[in-house]
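Below is one structure, written out as structure tokens; comments come after it.
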Amino acid sequence: MKQQAAVIYGKKDVRFEKIPITEPAETEVQIKVAYNGICGSDIHEYLDGMDLAINSHPLTGKKVPLVPGHEFAGTVVNIGKKITKLQIGDRVAVEPMIACGKCAACLAGNYNLCSRAIGKDNSAGFLGFCANGGLEEYCNVAEIFAHKLPTDFPLDLGALVEPTSVAVQAVLRAGLKAGDNILIQGAGPIGLFTLLVAQAAGAHNIIINDLSDQRLALAKSLGANAVLQENNPIDLQQKVNQLTGNQGVNLAFECAGVQATLAGALNTLGQNGTLMVVALFGTEPQIDVRGLLKKGGRLLTSYGYANVFERSIGIIDNNREAFKKIITKKIKLPQLIDEGILALAHDKQQAKILVKLTN
Ligand SMILES: [Zn+2]
Ligand SMILES: [Zn+2]
């Protein structure tokens, strides 16, 4: 039996091929993939070969050619011999992590920081980078990483559980409290998911800052209390002060990943505020430690997620209509490059583009 798949061989080399459907291992379930979302890291994987396993990955033993895709959901159609919880017909969202389960980080529950999951060639410990991911019709995944969705939960929303989990982890780690005023730097998908998760967590005023009109319009429609279009950190501080009665914000989420946005986020913090860095910076940023210290501020980071998928599913389930708005386009597999990856890289009107794999 063969299936349609996208296969990445290296930088700017994705081919559409018929590849074999393999049997799930004893502790794996086979998922008929409904939707797979495209994310910023897929753009870098395609354009630069970033995070892709060129040599055998230490945990999976796999290397290119591989099936990309790490944000996906579908229906269980086949199960391994040792599967105990999931059944054929269950709908699941996939947590695309690869972790050893034995190192200190894994044993402490922080399997997102597994010390053995990053290869010597910097390959990332995620499906789609060091093992086959969701851009195929039938994908085998570990049962522990296949999270059951509520019965009537739409599978397009299922593909949002993974990127939403990045936001959930960041909001939890930041310690957001009901009534907090917050700033989000960047209205790309992670900024928008952070907006919705912060709403669910009870934030009062949510200010979101981005340079793109289209992205800000979407943020507004999702319920942002104020949208700003400010690149200069000092001007941003003034505007946030106007919006907060000179108090500044309790929390600033850095979801853009450039020097100016990091400096701006720090500027807008009130006393004892927290700066949460979620973005992966392309170049090493500088940070005004003295400025942070004088506010008694905290600097935190959040990378990926661990043990939050059930929460993410619950939050999306409660806010289905809002999350649906983040899906700006659905495409078919052969359109992956032009209508998916490149559209996402160049068209600010796009937030989350989903590839529909099967019916
Ligand atoms: Zn992603
Ligand atoms: Zn580990």
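The values are calculated or read from the model by the stated rules, or taken from the named source; none is laboratory data. Since this is a predicted model, take the numbers as computed values, not measurements. Ideal geometry is used to build each Cβ from the backbone, glycine not excepted, and the neighbour counts take in all protein chains shown. We work out accessible area using only protein heavy atoms, side chains counted, and drop any ligands, DNA or RNA first. Shrake-Rupley method; radii C 1.70, N 1.55, O 1.52, S 1.80 Å.
From largest to smallest, what semi-axes in whole angstrom does the chain give when each is the square root of 5 times an eigenvalue of its alpha carbon gyration tensor?
Working: eigenvalues 244, 83, 80 Å².
Working from the Cα gyration tensor, I get semi-axes of 35, 20, 20 Å.
With the other protein chains left in place, how much accessible area per residue, in square angstrom, belongs to the stretch 167-301 at a 1.4 angstrom probe?
44
Hey, how many Å between the Cα centroid of the stretch 288-322 and the Cα centroid of the stretch 193-226?
Centre-to-centre (Cα) distance: 14 Å.
Quick one: dipole size for the stretch 167-301, taken about the Cα centre, charges +1 on Lys/Arg Cβ and -1 on Asp/Glu Cβ, in debye to the nearest 20. Don't skip to the answer; put the middle values down first.
Numbers: 9 positive and 8 negative charges, 74 e Å.
In total the dipole reaches around 360 debye.
Going by Cα centres, the stretch 117-136 and the stretch 14-37 are how many Å apart?
Using only Cα atoms to place each centre, the spacing works out to 15 Å.
May I ask you to list the residues of the stretch 265-305 whose amide nitrogen lies under 15 Å from a point 7 Å from Cα along the Cα→beta-carbon direction of Asn246?
Under cut-off, by backbone N: 270-271.
Go from 0 up to the bin containing the longest alpha carbon distance in the stretch 243-359, width 10 Å each, and give me the % of pairs per bin.
11, 27, 32, 22, 7, 1
Please compute the volume of the convex hull spanned by the alpha-carbon atoms of the stretch 88-149 and report it per residue in Å³. The partial results should precede the final answer.
Values: hull volume 5.4 nm³, N = 62.
Hull volume over Cα atoms, normalised by residue count, gives 87 Å³.
Could you please report the charge total around Ala5, scoring K, R as +1 and D, E as -1 over all other residues with beta-carbon less than 11 angstrom from its beta-carbon?
Taking every other residue near Ala5 into account, the sum is 0.
Working from the pairwise distances between different alpha carbons, so that the mean of 1/r is found and then inverted, what is the stretch 294-356's Kirkwood radius in Å?
Value: 14.6 Å, from the Cα pair sum.
Testing the spin-label approximation: label points 7 Å from Cα along Cα→Cβ at Leu211 and Gln87. State their distance in nm.
Calculated label separation equals 5.4 nm.
Could you provide, to the nearest whole Å², the per residue accessible area of the stretch 19-87 with probe 1.4 Å?
So the stretch 19-87 comes to 44 Å² accessible per residue, rounded to a whole number.
Which three extents, in whole angstrom, do the alpha-carbon atoms of the stretch 167-301 cover along their principal axes, largest first?
Per principal axis, max minus min of the Cα coordinates gives 37, 30, 29 Å.
With θ taken as phi - 60° and the coefficients 6.51, -1.76 and 1.60, list the Karplus ³J(HN,Hα) couplings across the stretch 224-240 in order, rounded to whole Hz; mark glycine and proline as x.
4, 6, 8, 10, 10, 10, 9, 8, 7, x, 6, 5, 4, 4, 4, 5, 5
Kindly state, to the nearest 0.05, the FRET efficiency for Glu26 paired with Ser56, given R0 = 25 Å and r defined as their beta-carbon distance.
The formula returns an efficiency of 0.70 here.
Given a 1.4 Å probe and every protein chain left where it sits, what share in percent of the accessible area of the stretch 167-301 is carbon and sulfur?
49
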